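Take a look at the structure set out below.
The values are calculated or read from the model by the stated rules, or taken from the named source; none is laboratory data. None of these values were measured; they are calculated from a predicted model. Glycine also receives a Cβ, built like all others from the backbone with ideal geometry; neighbour counts cover every protein chain displayed.
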Amino acid sequence: MNSLNTALLINLLGFSLGIALYALLLAMILRHRGSARAGNVDYLLIATACLGLSWNIGELLTFAEKDFGIVVISPFLTASAYAALGFLPSVVVHSAQAEEEKPHWLTFTAYGLSGLAAVLHFYSAIFRGVAPSDLALQMLTYSSVGLAAALLIFNLRQTLEKKAIWVTALLVFAVSALHLTGQREENSWLVELVAHQSSLPLALAILYQNYRFAFADLFLKRAISLILLTLVAFGLYVYVAAPLLHYHETHDRDDVQAITLILTLWIATALVYPWLHRLAVSLVDKAILHRADYDELRGELASAIEKYESADEILDSISLRLSQALTARSVAWSEIAEADDTDLAAGVAQINIPTAEMPQYKIVFSDFIGGRQLMSDETAMLADVSLVTARRIDALRVTHERCQQEFREEEFAKLAADAQLTALRSQINPHFLFNALTTIGYLIQSSPDKAFETLLHLTKLLRGVLSSTGEFSTLGQELKLIENYLDIERARFEEKLSVSIDIPSDLESIRVPSLILQPLVENAIKHGVSENKNGGEVRISAKIGNAKGEMLLTLSVFDTGAGKKAVTRKDSAGVGLKNVRERLRSYYGKKAALTLDRDTETGTTAEISLPLNAQAI
């Protein structure tokens, strides 16, 4: 094929493709009208589609007349086609100024120049019988350059990216309008393509800026797929079919071979279309719409919400990340009493977070950039994210409830331990107190000095017991209380009570539960010494040992016992020992223990084991 025939083929394909694309654009605008950002821009897109259709239909008919002689085209039709082409830059400028509250002076200027160019085209058609007007095309060239510069300078609110798109589209149109003046038949097919299809960048610029998602997603994917399919078909014809058909004609081959070749290429074109469509979808999603990878986004959100410990933090994070992915300018979440399936206004999307228990939540997205509409893959992604979010909130609620229950149980145990300690302090054995006072009364008569001394020991003991309000004290402080108690008991039993204390001084700083030894010493005297007519001995000791890799403090209270009467002792079920056991369980759990070892021959040993690494401070 020579360059002229190639240019002819390119233009025929280009105008046919242009008609298909603008018809597709017009059908989508009418179908989805009102879902975009602003109603006034709908009319700009309608105008773009109609002007593009007029231009492509007019030029297709002109080429059909020029090259095939099928129909006779009036210069008025050509003038109308070029007038429609001349108004496209004005629509672009108007669309660039659509965000302004009032029409900008650039918009009026652009429409004025386009209108003047249209007048020149029809003037040339009426008085000269030819169209288009070279003067009108030259004016459109220079005015497009000027409008591009003005948009670049005066549109202060727009980003540099937006300005670059508008300016590029206008400059492409300016170059094409300059080409359309003068002799146009001798140009290469590439120049012909750029010149006659320069309206497409203008339409795509409007789509990309004002309807980036709502129409780019619907239109561009189909448009690019159609363009790619056309290019493949053109390439197969020019570089495969045409040479082979030429070879067929020059070598007198059978027509069946030519038909087979055409059918094979047609089937190949149909088979390659799904791949071309996937390529177009990928191009629009990644390069134009910058749409996130939703599979990756699902995993990212599922991992991100694991680090948050409250529903508020999770919902804030999810709302922010999804609003960025969906390009929503406004997002808010709130609690709901039940699933909210109310009808939403146009341009608003909502997902419910279906937690197992109330309250549930909803996230509302609105004010999408470019009038975006959610597609099926985005809806599926939001549904998955809502379920993952609901399960995480449910898990947190269960964890929080368990922690609150454990905290309450700990508080109850602490209160119980405090109550037991208070009860123990108030349970200084009335029998012991009565005996002490009786002893003091007896000593007053027989030994006033000793009675006074015993009274002082009793006073110190009571003051120490009643003034110690902490849950823990040092082992040394406990020994002082016990010594005061034993001094009173010595005054009562005299030589019948023998006491020995074997506690190293370096252990006296260890903290132990308050009044943990006094009940054991009292129990030893009550059941071991007082019930033996010969009296007895009480030995108190402390040591540190290792059991199963854990350091333990062992406190022992030994009494020589009441002989064979020890068999019937019930002290293990007494109030004092029961309180000691329950307090140990409260403070240390299973790590501490109270054990009793009775021997009718030697006596009874009460032993407390405390873990050193669990000492409270």
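Descriptive notes on the structure:
- Residue within segment 233-246 that is small (Gly, Ala, Ser), at pLDDT 70 or above, under 48 Å from the mean Cα position of the chain (by Cα) and buried (at least 20 other Cβ atoms within 10 Å of the Cβ) present: no
- Taking the criterion of being assigned to a helix (DSSP H, G or I) and within 14 Å of residue 608 (Cα to Cα), the residues of segment 503-522 that qualify are 518, 519, 520, 521.
- Residues that are in contact (Cβ under 8 Å) with a residue 24 or more places away in the chain, of a type in the set (Gly, Ala, Ser) and surrounded by fewer than 17 Cβ atoms within 10 Å (Cβ to Cβ), drawn from segment 279-337: 302, 310, 330, 332, 334
- Qualifying residue in segment 432-452 (condition: acidic (Asp, Glu), in the same structural domain as residue 523 (by TED's automatic domain parsing) and at pLDDT below 80): no
- Residue check, residue 495 touching a Pro at 6+ places or on another chain (Cβ under 9 Å) and either of a type in the set (D, E, K, R) or on the phi > 0 side of the Ramachandran plot (or both): no
- For segment 283-329, a residue qualifies if it is assigned to a loop (DSSP other than H, G, I, E, B), among the polar types (S, T, N, Q) and farther than 23 Å from residue 220 by Cβ, and exactly one does: 310.
- Residue within segment 595-617 that is of a type in the set (Asp, Glu), at pLDDT 90 or above and in the same structural domain as residue 471 (by TED's automatic domain parsing) present: yes
- Cβ-Cβ distances below 7 Å connect the following pairs, each with a first residue in segment 374-385 that is surrounded by fewer than 17 Cβ atoms within 10 Å (Cβ to Cβ), a second residue that is part of a helix (DSSP H, G or I), and a separation of six or more residues or different chains: 375/217; 377/294; 384/298.
- For residue 542, the criteria (1) under 30 Å from residue 418 (Cβ atoms); (2) touching a Lys or Arg at 6+ places or on another chain (Cβ under 6 Å) hold in every case but one, which is (2).
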